[in-house]
Amino acid sequence: ELLALRAADKKTREAAELIVREADRIGSLVDDLMVFARGDALRIAPVNLHQILEDVLDLLAHDPIGAHCRVERRFDPSLPEIPADADRLTQVFLNLGRNALQAMEDGGMLTISTRMTLEQRLAGADGEPVATVLIELRDSGPGIAPEVLERLGTPFFTTRPGGTGLGLALSQHWITRHGGTLRIESTPGQGTLARVFLPLRRAPAGAST
């Protein structure tokens with residue numbers, strides 16, 4: 001940073017700025033990796049999922065990747081608060097939202113919906129089924145080839161230049177820590193659907209049926 005400030009010519013200044021950006025990227029990568037190593041604790045409190053999603057959409061609205069995309073909300077107004085870590089869920093939905101927008105570089109529709117569901121039941125601490133909330137993010141992009149789809153979520157696997165391949169792995173990690181599940185469904189030419197199931201009450205991490 002000091003080098004950039006003191007640089008007498010444009011080429012030196014740009015080189016210094018590149019070093020700073022790369023140092024920041026490496027620092028962020030190490031932070032992401034440490035999540036798997038130290039298993040950061042969740043700060044559980046009642047959260048409003050719709051408020052989290054609105055905050056995420058506000059952030060995405062300022063990201064150039066979504067300049068040509070539209071967003072449709074299909075929120076269930078009767079959805080209750082759930083016990084969760086708001087910061088971690090924000091990270092999850094931000095990752096999923098960015099993935100969707102990046103798949104629609106030429107424009108498209110991102111549809112986000114929420115509802116209660118009996119489609120999937122998660123196991124509670126007493127072994128009894130726990131009702132779930134379903135959050136879906138559907139894009140109208142080109143879809144994902146089967147051979148790529150089966151590798152999604154593998155750390156360091158990415159199809160994007162400059163990507164770390166950790167975003168989806170981290171999303172899977174945090175959803176599992178909440179006792180939920182994350183599924184990615186896609187058909188080439190028909191877009192991609194990310195489905196997040198979260199328990200209405202706390203379930204043990206990773207426990208599902």
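The values are calculated or read from the model by the stated rules, or taken from the named source; none is laboratory data. Since the model is a prediction, treat every value here as computed from it, not as a measurement. Using ideal geometry, Cβ is built from the backbone for each residue, glycine included, and neighbour counts are taken over all protein chains shown. Surface areas here come from the heavy atoms of the whole protein model, side chains and all, with no ligands, DNA or RNA. Shrake-Rupley method; radii C 1.70, N 1.55, O 1.52, S 1.80 Å.
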Need pairs with beta-carbon distance below 8 Å; first residue within 19 Å of LEU94 (Cα to Cα) and at pLDDT below 90 and within the stretch 65-82, second part of a strand (DSSP E or B) and of a type in the set (A, V, I, L, M, F, W, C); sequence gap 6+ or separate chains.
GLY66/LEU110
Options GLY162, GLY189: the member that is modelled with pLDDT under 85 and part of a loop (DSSP other than H, G, I, E, B):
GLY162
Hey, could you check the stretch 94-127 for residues that are loosely packed, with under 14 Cβ neighbours inside 10 Å and hydrophobic (A, V, I, L, M, F, W, C) and say which is modelled with the lowest pLDDT?
ALA125
Result of the Cβ filter at 7 Å on the stretch 1-25, keeping first residues that are at pLDDT 80 or above and partners that are exposed (fewer than 12 other Cβ atoms within 10 Å of the Cβ), at least 6 apart or interchain, is VAL20/GLU1
Number of positions in the stretch 37-49 that are part of a helix (DSSP H, G or I), at pLDDT below 80 and either open to solvent by less than 90 Å² (accessible area, probe 1.4 Å) or farther than 16 Å from LEU166 by Cβ (or both):
1
Among the residues of the stretch 63-72, are any open to solvent by less than 50 Å² (accessible area, probe 1.4 Å), within 21 Å of LEU200 (Cα to Cα) and assigned to a loop (DSSP other than H, G, I, E, B)?
no
Scan the stretch 128-144 and give yes if some residue there is closer than 26 Å to GLY66 by Cβ, modelled with pLDDT of 90 or more, in a loop (DSSP other than H, G, I, E, B) and more than 14 Å from the chain's Cα centre (by Cα), otherwise no.
yes
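Yes/no per residue for (1) open to solvent by 80 Å² or more (accessible area, probe 1.4 Å); (2) in contact with a Pro (Cβ under 7 Å, 6 or more places away or on another chain); (3) of a type outside the set (A, V, I, L, M, F, W, C):
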{"site": "GLN51", "(1), (2), (3)": "yes, no, yes"}
{"site": "VAL56", "(1), (2), (3)": "no, no, no"}
{"site": "LEU60", "(1), (2), (3)": "no, no, no"}
{"site": "ARG88", "(1), (2), (3)": "no, no, yes"}
{"site": "VAL92", "(1), (2), (3)": "no, no, no"}
Selection from the stretch 78-90 of residues within 13 Å of LEU53 (Cβ to Cβ) and either out of contact with any helix residue (DSSP H, G or I) (no Cβ under 7 Å at 6 or more places or on another chain) or outside any strand (DSSP E or B) (or both) yields LEU79, ALA84, ALA86, LEU89, THR90
